[in-house]
Amino acid sequence: MTINTSYNYSPSFNSIKRNKKQIKFIIFHYTGMKKEADAINRLTSIQSEVSSHYLIKNNGEIVVLVPDLYIAWHAGISSWKNYKSLNQSSIGIEVSNLGHEFNYQKFSKKQTDSLLKLSKLLKKNYQINSKNILGHSDISPDRKKDPGEKFPWKYLAKNKIGLWHKLSDQILTKNRMIKIDNIEKKNFLRNLFKIGYSKVIPKELNKNKYLTFVIKAFQRRYRQELINGRIDKECLLISENLVKNFY
């Protein structure tokens with residue numbers, strides 16, 4: 001499979017090439033800027049020291065910013081399971097979107113189609129496990145919200161890109177906002193750590209604040225209708241279903 005792309009190379013990357021086998025993850029982002037042109041300038045400016053491997057524009061056009069075998073600077077301080085600083089082991093894909101600060105909107109069909117094509121190609125080329133296709137908020141929950149609750153995770157998972165649970169809408173809505181006890185809350189958090197969310201609490205945060213960030217990251221990914229940082233029966237069931245089916 002080949003994909004039509006344009007090229008606008010960024011100077012912000014590590015100059016030493018990595019081995020193909022080092023690439024284990026795909027990380028999705030949104031640009032989070034008012035104008036697409038400003039986002040492109042930032043991703044290709046030497047001063048910004050930020051980049052990704054690909055940018056998907058509003059019209060669905062795929063722009064190559066950094067070749068796959070070079071380390072782009074998109075993940076920052078990040079962790080997932082036993083991996084730290086995921087720049088080293090990932091490919092970053094930025095999707096043009098205003099983000100939470102500037103009237104966050106749905107991703108267009110053209111963007112979603114391009115995301116799917118590009119992700120399928122990368123997954124095949126680098127033998128990436130669907131469990132390792134993540135959002136920036138998954139790997140940096142205390143710092144990031146992207147790609148956010150409007151990102152088409154469910155659609156992508158139906159097409160074998162990333163994961164989604166196997167629960168019906170009826171079960172989910174029936175259990176939404178149903179309270180659970182402390183043992184069940186502990187089980188939920190244990191499930192999140194099995195899935196890959198980091199247990200390590202950043203020095204500047206207390207435990208409760210950090211866990212709220214992690215819960216919200218999980219909700220943005222798997223319970224997109226309600227992002228409140230609270231654990232209810234619906235969240236517990238989703239976490240159990242994911243662990244049962246994939247971990």
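Per-structure values
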read-out	value
Top-ranked residue in the stretch 189-203 [being charged (D, E, K, R) and either part of a helix (DSSP H, G or I) or modelled with pLDDT of 95 or more (or both); ranked as farthest from the chain's Cα centre (by Cα)]	ARG190
Some residue of the stretch 45-53 being surrounded by fewer than 20 Cβ atoms within 10 Å (Cβ to Cβ), under 14 Å from LEU98 (Cβ atoms), touching a helix residue (DSSP H, G or I) at 6+ places or on another chain (Cβ under 7 Å) and not charged (D, E, K, R)	no
Members of the stretch 143-153 that are closer than 24 Å to THR212 by Cβ and either charged (D, E, K, R) or outside any helix (DSSP H, G or I) (or both)	ARG143, LYS144, LYS145, ASP146, PRO147, GLY148, GLU149, LYS150, PHE151
Any hit, the stretch 223-235, residues being loosely packed, with under 15 Cβ neighbours inside 10 Å and aliphatic (A, V, I, L, M)	yes
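The values are calculated or read from the model by the stated rules, or taken from the named source; none is laboratory data. Computed from a predicted structure; not experimentally measured. So basically every Cβ, Gly included, is an ideal-geometry build from the backbone, and we count neighbours across all protein chains shown.
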